[in-house]
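Working notes, structure below.
The values are calculated or read from the model by the stated rules, or taken from the named source; none is laboratory data. The structure displayed is predicted, hence computed values, not measured ones. No Cβ is skipped: glycine too gets one built from the backbone with ideal geometry, and neighbour counts run over all protein chains shown.
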Amino acid sequence: MIGVEFLKGQGLGNRLFCYISAKCIAEDLGVPFGTAGREYLGADFLDMDLGDEITDVSGFSRYDEKEERIYLRDSVHDAVHGCYIAGVDPVLAAKLSNCAEQDNIMLYGNLQSEEYFGRHKEEIRQWLRVKPAFDSAEYAAYTADDLCILNVRGGEYADKNELFLEKKYWKDAMEIMRGVNRSMRFMIVTDDVDAASRLLPGIEVHHFGAAGDYCAIRNARYLIASNSSFAFFPAYTSTVLRRIIAPKYWARHNVSDGYWASEQNIYDGFEYLGKDGKLYDAADCRAELSEYKRIKLPEKQALMPLEAGSREALALGKKYERERLLKKAVAKLGRTFAK
């Protein structure tokens, strides 16, 4: 059996990636599938087949997806804990191909590469069906030729310079969507109404809860995504989506000089918007990243982690806190003059 455990502290998007990747791997191997930690899933609005219920993981062998991190100085987190850049785990498929039906293996990790699940798109649409009681006419109204949804991720992202997507990303993407329809309307769906309203004042903004946000995104024909896992599966399983724009370099769009955080988030069918205002398809991104790995990545890999609480780490933290407060003050000043 291949199993996956939903963990306390994971976001819904991360849990769905773990579920889908593990279930697809089990399907490919022709072995049973099961789930543990169901009390943490938080997806009651989805009609999911969770496989066998695993109440005790102690009888399972544990496999942790291969990680790769670089210890950059773009944030205290990346300097101390590392920036996650891993692609597909090359060992995972080989190890599990030798898995017998009687073997019990629990998978842990990011598990967001399309290589794990891309052969099962139609099945995934069935595995992540929204229950009719949740997918109401209210959300069907967001399927419109002149409406684009912006999925702004706030929360713990909002005060992190390396994570919280800047206004330029959203404005550039909106202008591209206006190229589709000059009368395009925009609406924000977010987990953080306050942060989104400050970032993009004047745009209609909503938080419908996890179920409502998921359904609104799933019904969009045009979507501008953030660097969050939440929007992936409502977009991936959509039957109406015509165009999706996502941030190039994903979780390090703001600071990357060519690396991806992570490579797993390069998906076929997505268009990736660079800081240069240009769009890149998945093939473009993979080719550029391959060259980056050859030329620039080795020097990044040579950087050693900083010790938490060290003088250098504290100095770095003060530097980025000053920058964050300055940006906040400039934004507040801009809003004041705009009134």
**Q.** Residue that is surrounded by the most Cβ atoms within 10 Å (Cβ to Cβ) [pool: residues in segment 270-304 that are of a type in the set (G, A, S) and either free of Cβ contacts under 8 Å to residues at least 12 places away in the same chain or over 19 Å from E114 (Cβ atoms) (or both)]
**A.** G274
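For residues in segment 231-261 being aromatic (F, W, Y) and outside any helix (DSSP H, G or I), which is surrounded by the fewest Cβ atoms within 10 Å (Cβ to Cβ)? Can you show your working first?
Just the residues of segment 231-261 that are aromatic (F, W, Y), to begin with: 232-233, 236, 249-250, 259-260.
Cutting the leftovers down to outside any helix (DSSP H, G or I) gives us 249-250, 259-260.
On the way: Y249: 25, W250: 25, Y259: 20, W260: 27.
By that ranking, first place goes to Y259.
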Q.
Take the conditions buried (at least 17 other Cβ atoms within 10 Å of the Cβ), over 14 Å from I85 (Cα atoms) and among the aromatic types (F, W, Y) and apply them to Y267. Does it pass?
A. yes
(Q) Restricting to segment 295-339, name every residue that is modelled with pLDDT of 90 or more, in a helix (DSSP H, G or I) and acidic (D, E). (A) E299, E312
Q: Give me the pairs, please: first residue somewhere in segment 39-55 and at pLDDT 95 or above, second residue anywhere and exposed (fewer than 11 other Cβ atoms within 10 Å of the Cβ), beta-carbon distance under 7 Å, and either six or more positions apart or on two chains.
A: Y40/K8
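Please work out which residue is farthest from D276 (Cα to Cα), limiting yourself to segment 172-196 and to residues that are of a type in the set (S, T, N, Q) and more than 21 Å from the chain's Cα centre (by Cα). Full working, then the answer.
Step one: list which residues in segment 172-196 are of a type in the set (S, T, N, Q), which gives 181, 183, 190.
Subset that is more than 21 Å from the chain's Cα centre (by Cα): 181, 183.
Values: N181: 22, S183: 25 Å.
Ranking the qualifying residues of segment 172-196, first place goes to S183.
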Q: Keeping to segment 181-204, report how many residues are in contact with a strand residue (DSSP E or B) (Cβ under 6 Å, 6 or more places away or on another chain) and more than 18 Å from D146 (Cβ to Cβ).
A: 4
Q) Mind checking whether some residue in segment 146-163 is at pLDDT below 95, under 19 Å from the mean Cα position of the chain (by Cα) and of a type in the set (A, V, I, L, M, F, W, C)? A) yes
**Q.** Subset of segment 101-148 (residues that are closer than 17 Å to G51 by Cα, surrounded by 12 or more Cβ atoms within 10 Å (Cβ to Cβ) and among the acidic types (D, E))
**A.** D103, E123
